[in-house]
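The values are calculated or read from the model by the stated rules, or taken from the named source; none is laboratory data. This is a predicted model, so every value here is computed, not measured. FYI the Cβ positions are ideal-geometry reconstructions off the backbone, even for glycines, and counts take in every protein chain you see. The area values use the complete protein model at the heavy-atom level, side chains included, leaving out ligands, DNA and RNA. Shrake-Rupley method; radii C 1.70, N 1.55, O 1.52, S 1.80 Å.
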Amino acid sequence: MFTGDTLFVGDTGRTDLPDPEKTGENAGILYDSVHRKIAPLGDHTLLFPAHGAGSACGGNISERDDSTLGIEKGTNPVFSKSRSDFVAHKLAEKMARPPHFRHMEKVNLLPGRPLERPLAVQVLQPEAFQLRMKEGVVIDTRSPEAFAGAHIPGAYNVWLDGLPAVGSWVANENTRIFLVADGPEAMELAVMSLARIGIDTVEGTLAKGIESWRDQGLPIESISTTSASETADWMQQGRVHVLDVRDEYEWDEKHIPGAVHRFVGHLEDELPQLAKDSEIVVHCNVGHRSGVAASILKRNGFTRIHNMLGGLTAWEKLGLPLEKPGEAKKAG
């Protein structure tokens, strides 16, 4: 069965997107649909959903691309919860709506818009890239570790696999984009990933990546990285502010005591009310979204930023303190 946006691997589709005011009502409809139309098909039924891990259309989709109905009956909240508990679960998700969703709705109503094949993007030598990038924004699609080591001043860091979910938080369909990536294949995927969310405005890519920029002696910046254990030590010394940039529902479930929350997608409009030379540790679950956040803070003049690699995943592995408001609510 092709389950579309209804049943994912380990999760279900969002019920807030058509109308946030009808999130609960839509959750009930989804629950009934799964139990009345899908559940009777039998545990052996193969399931192929329309979205995978990292999609903005689900909050906790598993890494696998397909599943069986039997597996989902044992692991998916839509089967383990009662109807009322499932509705409450969907109401509590509080996931951000990526800006490109509105644009995609308009484009789809046209209906659609064909992409050029192949997508024509100009490859720019470093000097030409430096001149042209002033027309728009630079998006560096390398890993947060690589970006931290050396990057073009003013660049956003959006890791390659994160472009479909995060790209529209830093650019829109009118933004002129200049890309940095690790090799031609990564560059082609980056251009396609942006095009698939309605952003067809990549003006140029950096020839031979950051190495060619470096070899021309052009300006380079860096961002510090840190670990969960080092962050804990710094917090005990009172020397850092900790900024959590995960989604609101993730923050509500658990977070580091004393941390401040700003969702990465809203960070540029809601910068921390701190001095620009404040020492700030940014974290998410593993380090990708915090890489985006660190680049946003750097662009906005913050000078002492650390990306906590490993994020909350590493923090938990080390048994470091956590506040869990979600568990307190359940107990109440």
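So the values come out like this:
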{"quantity": "One residue from Ala27, Ala88, Ala39, Ala53 being in contact with a Lys or Arg (Cβ under 7 Å, 6 or more places away or on another chain) and either open to solvent by 40 Å² or more (accessible area, probe 1.4 Å) or part of a helix (DSSP H, G or I) (or both)", "calculated": "Ala27"}
{"quantity": "Selection from the stretch 301-315 of residues that are within 20 Å of the chain's Cα centre (by Cα) and open to solvent by 40 Å² or more (accessible area, probe 1.4 Å)", "calculated": "Leu309, Thr313"}
{"quantity": "Wholly enclosed strands (runs of 3 or more DSSP E) of the stretch 217-329 bearing at least 3 residues under 30 Å from Pro126 (Cα atoms) and either among the charged types (D, E, K, R) or touching a residue at least 12 places away in the same chain (Cβ under 8 Å) (or both)", "calculated": "304-308"}
{"quantity": "Residue identified as out of contact with any Cys (no Cβ under 9 Å at 6 or more places or on another chain), open to solvent by 60 Å² or more (accessible area, probe 1.4 Å) and not in a loop (DSSP other than H, G, I, E, B) among Phe79, Phe48", "calculated": "Phe48"}
{"quantity": "Residue satisfying condition, being modelled with pLDDT under 95, within 20 Å of the chain's Cα centre (by Cα) and at negative phi, within set Ile199, Ile139", "calculated": "Ile199"}
{"quantity": "Condition met for Ile61 (of a type in the set (A, V, I, L, M) and within 24 Å of Val264 (Cα to Cα))", "calculated": "yes"}
{"quantity": "Condition check for Glu221: within 30 Å of Ala259 (Cα to Cα) and open to solvent by 50 Å² or more (accessible area, probe 1.4 Å)", "calculated": "yes"}
{"quantity": "Residues of the stretch 240-270 that turn out to be open to solvent by 40 Å² or more (accessible area, probe 1.4 Å) and over 19 Å from Leu322 (Cα atoms), as a count", "calculated": "4"}
